[in-house]
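Single-structure report; data block below.
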Amino acid sequence: MDRRDLLAAGLAGTLLAPAARAQAPDGPIKPDASFNLWLGEAPGLTNAALDDHILARSQDPAFPDRAMDRIRTPRLDVFRAATPNGAAMLIIPGGGYSRVVLDKEGYEIAPWLAARGITAFVLFYRLPGQGWRDRMDTPLADAQRAMRLIRARAAEFRIDAKRVGAMGFSAGGHLCASLATAHARKTYEAVDGADAIDPRPILAAPIYPVVSMDPAIAHGGSRSQLLGPGATAEDARRHSPEQNVTAATPPCFLLHAEDDETVPVDNGIRLRAALKAAGVPVETHIFEKGGHGFGWGRRTEGLPVHAWPKLFLAWAKAHSLVG
């Protein structure tokens, strides 16, 4: 799909009301609204030919599996809570930093949260290997900007700016963990008043996350896309969240499957150890089965890991996401 197709598909602008979305199960779920992160072009564009493009990976309309494999215009897609309780979550899908998946790690979990009063914002962030200056910090810049905009528009979306968390999957889990551990890092020049707002999430939930850039356990594709050729040991350390945990890191909820053959479970284990060493509250769930990229929904039915969103919600309530 090109940009016109995105608009025709309802992926920008004001869309379905929450009640209408809930009553239309056939076909891909659509968000309630969408807005761009940046005023005009995103900072650091070097590839003038780059466009926004969606790759459809499933032909089953009842089981969509789409990914954005080119992103020029990073944005947030909004799933409004029908009965807002003031909480909000920034949802960061994965895709190995070479794509951002829409459905299984974004449009499935976002309505689940919205149905429970939590307004969900799905982030489509720039991909570092697609011609951006400062490639290593480009995704983090989008995550920081997203948190700031959510808080700046809190009244519009009927949320409490203090109660905004972040959740990420796979490479999106790396970005979530980076936001948690490097929220204070300057990654771009301020463009408006929103950039004075603290982007630290109240809590973070990296789900089967890529964490370390240590080649011994790193997901090779994510490492290559994020760091690029010629990366130094210091580059790897700076972009390994487990090596940047401090007392200012928010409480974390970690989830992994023991049989994950794509991203070794040691990624989550190392992050947990660093959080414990820094005195940061952490809850960890390691399931026997689930593999990688299970998201939530039909892929996990019949497995104990299917219960993970409820486990997260109970933990999040204990950490003040939901009042």
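The figures follow:
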item	result
Nearest-0.05 FRET efficiency for Glu189 and Ala48, computed from C-beta distance (R0 25 Å)	0.75
Projected label distance in nm at Arg298 and Ala247, using a 7 Å step from Cα toward the beta-carbon	5.0
Among Tyr208, Ala166, His239 - extreme Cα towards positive end, dipole of the chain, charges at beta-carbon	Ala166
Ordering of 36-44, 119-127 by packing [mean C-beta count within 10 Å, highest first]	119-127, 36-44
Debye log10 I(q)/I(0) at q = 0.08, 0.10, 0.15 Å⁻¹ for the range 3-318, Cα point scatterers	-0.31, -0.50, -1.24
The range 3-318, dipole about Cα centre (Lys/Arg Cβ +1, Asp/Glu Cβ -1), debye to the nearest 20	640
MRE, 222 nm, helices only [DSSP H, n ≥ 4, -39500 (n - 2.57), over the chain, to nearest 500]	-7000 deg cm²/dmol
For the range 78-131 versus the range 251-323, the gap between their alpha-carbon centres in whole angstrom	17
Label point distance in nm, Arg237-Ala115, each placed 7 Å from Cα along Cα→Cβ	4.7
Stretchable slack from Arg153 to Glu258, in nm (0.36 nm times residue separation minus alpha-carbon distance)	33.9 nm
Full-stretch length increase - Glu288, Ala62 - with 0.36 nm per residue and alpha-carbon distance subtracted	78.5 nm
Cross-link reach list, aspartates and glutamates versus Lys104, counting only Cα pairs under 13 Å and skipping chain neighbours closer than eight places	Asp65
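All of the numbers you see were taken from the coordinates with simple rules; none came from a lab. In this text, all values refer to a predicted model and were calculated from it rather than measured experimentally. Because the Cβ atoms are built from the backbone with ideal geometry, glycine has one as well, and the counts that use them run over all protein chains shown.
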